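The structure under discussion appears below in the form of structure tokens.
The values are calculated or read from the model by the stated rules, or taken from the named source; none is laboratory data. Since the structure is predicted, the reported quantities are computational estimates derived from the model, not experimental observations. Here the Cβ positions follow ideal geometry from the backbone for every residue, glycine too, while neighbour counts run over all protein chains shown.
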Amino acid sequence: MPPLPTTSLKKFTYKKLRKATNKFNATNKIGEDTYKGTLRRRRAANPNPERRHEPKKTVRVVVRNLGRRGLLLADLPKCLSEIKKLETLSHPNLVPLLGYCAEPDGRRRHRAHCFLVFDLIENGSARDHLIAPNPRHKPVAWERRIKIALQTGRALEHLHERGVMYRAFGSKTVLLDAGLDVRLAYFVFPKLNAYKTASELAAEASPDAEEMLLSRAPELHTSYSTTKENDVWGFGTFLCETLMGKPLLPSGRDDGNNGDGDKERGVLGALMERFSDRKRLEENMDPRLRSY
């Protein structure tokens, strides 16, 4: 295997990430191949005996597995080259990438571990605040919704200009910090998906079929590929849901069961039904905005 590319990102061991996520426990799962966890930082050496028993500092993180079954060991240098590109991303509305894990799998020959480690944004997503709001959250004012939309669009444009995309862009990937500023998460270079099998890519859609459906452009409904077109379509449906203050497709709605094409037309039909004229637009806007 050729030498691995160098990077200034912090390198974590698989053992440490496994411990941080409690062995990738299901209770820490927040998405397909994505887990929250707690990393404990080492204390600096301190000669003061009174401070030796202070608790270690901790940091909350999101750990994303780039290969559920493990990458081929031969692909590890290529994967790390793509990760290296991610460290060049710098935008105020992106979740910080803290580090990575890239090492041979000690239990399986010719396989390797590859993970990304992001900062954990604990205030929830745009879906939590705008589209399926938690009763504990105050209604988000119109001006703030416009700001959220602008920040999301600019961050998405920043990613696209650098060849970074999503496969399923939607309200759950638009995280909000304590000040309700946007932090886009879970983006990746398309080449990183090349190290997953077709069945793995397809399986990523299964835990949240609605999110995947809304994020896929109609002309690409048969593809699991990572494209700008899918991202732009997903951004458009996100804007519609932000206006409505509820999901575009209510849970349990029958939008066709004769294949993905019929379902995609169901999404288009829902858009036309709600936004075809000014009267319908006003009727479908979030009623909590009337006071603004």
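Out of everything in the range 170-202 that is over 19 Å from Val63 (Cβ atoms) and in a helix (DSSP H, G or I), what residue ends up being modelled with the highest pLDDT? Walk me through how you get there before you give the answer.
The first filter runs over the range 170-202 and keeps only residues over 19 Å from Val63 (Cβ atoms), leaving 170-171, 174, 176-182, 190-191, 194, 197-199, 201-202.
Restricting the remaining residues to those that are in a helix (DSSP H, G or I) gives 171, 190-191, 198-199, 201-202.
Working: Ser171: 88, Pro190: 63, Lys191: 62, Ala198: 41, Ser199: 43, Leu201: 42, Ala202: 40.
Only one residue fits best here, namely Ser171.
Could you go through the range 155-165 and let me know if any residue there is out of contact with any Leu (no Cβ under 6 Å at 6 or more places or on another chain), among the aliphatic types (A, V, I, L, M), part of a loop (DSSP other than H, G, I, E, B) and over 23 Å from Val232 (Cβ atoms). Full working, then the answer.
Pass one, the range 155-165, residues out of contact with any Leu (no Cβ under 6 Å at 6 or more places or on another chain): 156-165.
From what's left, among the aliphatic types (A, V, I, L, M): 156, 159, 164-165.
Within this subset, residues satisfying the condition of being part of a loop (DSSP other than H, G, I, E, B) are 164.
Next, from what is left, pick out any that are over 23 Å from Val232 (Cβ atoms): none.
Scanning the range 155-165, I find no residue that is out of contact with any Leu (no Cβ under 6 Å at 6 or more places or on another chain), among the aliphatic types (A, V, I, L, M), part of a loop (DSSP other than H, G, I, E, B) and over 23 Å from Val232 (Cβ atoms), so the answer is no.
I'm trying to understand the selection: among the residues of the range 143-169, which are on the phi < 0 side of the Ramachandran plot and modelled with pLDDT under 90? Steps first, please.
Within the range 143-169, the first condition is being on the phi < 0 side of the Ramachandran plot, and the residues that meet it are 143-162, 164-169.
Residues satisfying the conditions are Arg162, Val164, Met165, Tyr166, Arg167, Ala168, Phe169.
Looking at (1) under 21 Å from Val59 (Cβ atoms); (2) in a strand (DSSP E or B); (3) of a type in the set (Gly, Ala, Ser), find the lone condition where Ser90 falls short.
Ser90 satisfies every listed condition except (2).
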